[in-house]
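Participant: Once you've had a glance at the structure underneath, I'll fire off some questions.
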Amino acid sequence: MVRTRVPEIAARRGRDLLDRVLAGTRGGPVTHVHEVSARPGRPANWPGWTPQLLIDRFAARGISRPWEHQAEVASLAWSGRSVVVATGTASGKSLAYQLPVLSALLADERATALYLAPTKALAADQLRSLRSLVLTTVRAGTYDGDTAVPERDWVRAHSRLVLTNPDMLHRGILPSHSRWAAFLRRLRYVVIDECHTYRGVFGSHVAHVVRRLRRICASYGAYPTFVLASATVASPAVSAGRLTGLEVAEVTEDGAPRGATAFALWEPPLTGLHGEHGAPVRRAAGTEAARLLADLVVEHARALAFVRSRRGAEVVALSARRRLADAAPELADRVAAYRAGYLPEERRALEAALADGELLGVAATNALELGVDIAGLDAVVLAGFPGTLASLWQQAGRAGREGLGALVVFVARDDPLDTFLVHHPEAIFGRPVEATVLDPENPYVLGPQLCCAAAELALTEADLPLFGAAAAEAVLPDLVRRGLLRHRPTGWYWTARRRPDVDLRGTGGEPVRVVESDTGRVLGTVDAWASHSTVHPGALYLHQGVSYLVDELDLAEAVALVHEEEPDWSTSARDTTDIRVVSTLRQRDLGELTVHHGTVDVTNQVVSYLRRRQVTGEVLDETALDMPARHLRTRAVWYTLSPAALDGAGLDPADVPGAAHAAEHAAIGLLPLFATCDRWDIGGVSTALHPDTGRMTVFVYDGHPGGAGFAARGYDTVEAWLRATRDAVAACECETGCPSCVQSPKCGNGNEPLDKQGAVRLLDAVLGRLSG
């Protein structure tokens, strides 16, 4: 319940604000509060090469001197060294790269620069920032999917600073590089903003897009300096080097000032209801976030709630407005949602309204995480772990006005990782963030990218080291055998008239369009790999709060036909997964325990779906489906235990399937703590006796063709990963297993069988041998 309005915030510390939102709550939801100390800024002098015009323009924006890290980055870039800056949110990373880039463009009116952002919104935000400097000779323009054709022609012909994204560089610029020859020949700098977002399969593709750019530039005689900006990540120089293929310097000491912040970990209380298999149910993180957002608005705090899904952001905003309509109706219109999918002008209006205080509360997806210039908020609420610690700190960094205290609240979802984090604060505050995981040598990425490179300019032997000589030499013969490339003494040539069609996002094929049968209206799209389980015939599909029943799924045409319906039940698909070991790349043989990393073949088939009552979770019926099997060759990490080790752990043969299944679910839930992935990026299989190993085996695999580097990271950190998994299961207060420990929202077997206590004994047996 929202409380009555209190006086506006003055210089109140974040802890005081937390006390206010805690007033009237039951059950003590806060498990830990961490105080982030205030820090003064460390200014530096403008580098001697900075044009006076640029100094004056920055001064007009209130910037009298740069911070130390900004000056260091700018000086390294000016000297021709590629560099990555990895400092906190709102630390002024934009100025760090704007300073050398704009200085170069002012000094040489023929020089050009390229800016790459992961989102259109961020590129548009940067364009506004650049234009506010009023540098008339620095003609800047965006070149992306929203850019009209006449404007694209103008940007290509006249812009000296082009702002785009990897997708447009891949599809629109590099294939037409001859039309961009004048721009590329004079390219001095390439800025890659928010480079920590390029991970997994997407990051591996982007790494090759960057290499293709370097190759084309070299053909025109240009060798640009790269300046990368990142959230705080582990080993930023290594990650940036893997992304660019260059030696990259790093700057990580943050010289910007920071206000004090109270960072609270919040576990929603149990509801008293029971869900699947009698497991206790916690209040939803979105429900808690909506209540917190409303309470903060009542306090006249400017607050932002990060929610994981587009629909979730809409629901949280709507729920907060409803609460305010009851308790403080004059504030109800000062809350809104912000997500991808809005029109550009809608996003700009929301950003401006939040920045100037017209809006007090916003529920947003991570579209507001990636660099859009909104800082100085009083509070940030995180509804669930955002996938990586890097993203968590990026989102949390939106809170804090200079000289004032701020509040950050991380609200745990009913999920093993979230539950682990709120009970193990040292996993957030006492450890470095993750390393960015990507694998440019993944043959399923490298092969298509070599085809793109050959279509742009024939590949030669001299080009192969750029793409990884050994990996490229292994892939090229297969591309020739399949007729995609033709090998001649002078190199490898693309054989088709059309350009290669390569999906950077690695979604596994053409997205399935969800179409309303009666009107022909396209409601949305579903990734190809997810379509079998989400839009199969009979599935209930949700779109913008409206439910639709799937009438037909046409896989050949990639279309699902639906009609609007609001039943009192939901659907969940059941599937079978089989996994076969192809080869082992690395292994640790500890006798009764072995740990492996290698290549596997995964066969998955959706076989049926359940209908459940929405309120009680009661299963109404199960309907068989005739869906084709799908095959995935990928990378996995797996461990095996001998029968003697299982017996020593007190596990009878009948207990092993449930124990292994529960351990597998929990391990999938905790791997994102060690690799930059989401649990939906990975899958798992467990079996009491696997035919390829002859033992009890638990597999965790990358859900992308060829792998994405996540399983490799699991192998590298196996002891820490499985110890966190064991602790999360053992610490959960449920008796037999729940979504906070061993139940999985995507289990194809309906979370059966599961043995929570057996999983703890199994993991103890594994850890005892790993540490021995």
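The values are calculated or read from the model by the stated rules, or taken from the named source; none is laboratory data. These numbers were taken from a predicted model, which means no experiment stands behind them. Please note: Cβ atoms are built from the backbone with ideal geometry, for glycine as well, and neighbour counts cover all protein chains shown. Surface areas here come from the heavy atoms of the whole protein model, side chains and all, with no ligands, DNA or RNA. Shrake-Rupley method; radii C 1.70, N 1.55, O 1.52, S 1.80 Å.
Participant: Can you pull out every residue in segment 573-606 that is acidic (Asp, Glu) and more than 16 Å from Thr697 (Cβ to Cβ)?
Facilitator: Asp575 - this is the single residue of segment 573-606 that is acidic (Asp, Glu) and more than 16 Å from Thr697 (Cβ to Cβ).
Participant: Applying the selection to segment 375-397, what residues are on the phi > 0 side of the Ramachandran plot and at pLDDT 85 or above?
Facilitator: Gly384 - this is the single residue of segment 375-397 that is on the phi > 0 side of the Ramachandran plot and at pLDDT 85 or above.
Participant: Among the numbered conditions (1) assigned to a strand (DSSP E or B); (2) open to solvent by less than 30 Å² (accessible area, probe 1.4 Å), tell me where His536 comes up short.
Facilitator: (1)
Participant: Among the residues of segment 728-742, which ones are open to solvent by less than 10 Å² (accessible area, probe 1.4 Å) and part of a loop (DSSP other than H, G, I, E, B)?
Facilitator: Within segment 728-742, Gly737, Cys738, Ser740, Cys741, Val742 meet the criteria.
Participant: Still on this structure, please answer the following. Scan segment 407-428 and give yes if some residue there is farther than 21 Å from Asp16 by Cβ, surrounded by fewer than 24 Cβ atoms within 10 Å (Cβ to Cβ) and aromatic (Phe, Trp, Tyr), otherwise no.
Facilitator: No, that holds for no residue.
Participant: Still on this structure, I have one more. Residues that are hydroxyl-bearing (Ser, Thr, Tyr) and modelled with pLDDT of 90 or more: does segment 316-332 have at least one?
Facilitator: Yes: one or more hits.
Participant: Can you work out which of the residues in segment 469-502 that are assigned to a loop (DSSP other than H, G, I, E, B) and open to solvent by less than 60 Å² (accessible area, probe 1.4 Å) is nearest to Gly203 (Cα to Cα)?
Facilitator: Applying the filter and picking the extreme gives Val502.
Participant: Still on this model: Are there any pairs with C-beta distances below 9 angstrom linking a residue in segment 519-532 that is closer than 20 Å to Val607 by Cβ and open to solvent by less than 80 Å² (accessible area, probe 1.4 Å) to a residue that is aliphatic (A, V, I, L, M) and not in a strand (DSSP E or B), with the two at least 6 apart or on different chains, and if so which?
Facilitator: The qualifying pairs are Val526/Val535; Ala528/Leu555; Ala528/Ala558; Ser531/Leu555; Ser531/Ala558; His532/Leu555; His532/Leu625; His532/Met627.
Participant: Among the residues of segment 701-713, is any open to solvent by less than 20 Å² (accessible area, probe 1.4 Å) and in a strand (DSSP E or B)?
Facilitator: There is at least one residue in segment 701-713 that is open to solvent by less than 20 Å² (accessible area, probe 1.4 Å) and in a strand (DSSP E or B).
Participant: On the basis of being open to solvent by less than 10 Å² (accessible area, probe 1.4 Å), touching a Lys or Arg at 6+ places or on another chain (Cβ under 9 Å), at pLDDT below 85 and in a loop (DSSP other than H, G, I, E, B), does Val372 make the cut?
Facilitator: Taking the combined requirement at face value, the residue satisfies it.
Participant: Then there's this: Across segment 555-575, what is the total count of residues that are crowded, with 19+ Cβ neighbours inside 10 Å and either of a type in the set (Val, Ile, Thr) or closer than 21 Å to Leu641 by Cβ (or both)?
Facilitator: Matching residues across segment 555-575 total 2.
Participant: Can you pull out the residues in segment 756-772 that are touching a residue at least 40 places away in the same chain (Cβ under 8 Å), over 25 Å from Thr676 (Cβ atoms) and open to solvent by less than 40 Å² (accessible area, probe 1.4 Å)?
Facilitator: Within segment 756-772, Lys756, Gly758, Ala759, Leu762, Ala765 meet the criteria.
Participant: Further question: Hey, Leu466 hits all of (1) in contact (Cβ under 8 Å) with a residue 60 or more places away in the chain; (2) part of a loop (DSSP other than H, G, I, E, B); (3) closer than 20 Å to Ile173 by Cα; (4) open to solvent by 30 Å² or more (accessible area, probe 1.4 Å) but one; which does it fall short on?
Facilitator: (2)
Participant: Would you check which residues across segment 539-554 are more than 19 Å from Thr623 (Cα to Cα) and open to solvent by less than 50 Å² (accessible area, probe 1.4 Å) and list them?
Facilitator: Passing the criteria: His543, Val546, Ser547.
Participant: Here is a further query. Against the condition closer than 29 Å to Ile173 by Cβ and in a loop (DSSP other than H, G, I, E, B), how does Arg505 come out, does it pass?
Facilitator: Yes.
Participant: Whether any residue in segment 576-598 is open to solvent by 20 Å² or more (accessible area, probe 1.4 Å), touching a residue at least 60 places away in the same chain (Cβ under 8 Å) and more than 30 Å from Ala645 (Cβ to Cβ) is what I want to check.
Facilitator: no
Participant: Oh, and also: Determine whether segment 509-525 contains at least one residue that is modelled with pLDDT of 90 or more, closer than 29 Å to Ser570 by Cβ, touching a Pro at 6+ places or on another chain (Cβ under 7 Å) and not in a loop (DSSP other than H, G, I, E, B).
Facilitator: No: zero hits.
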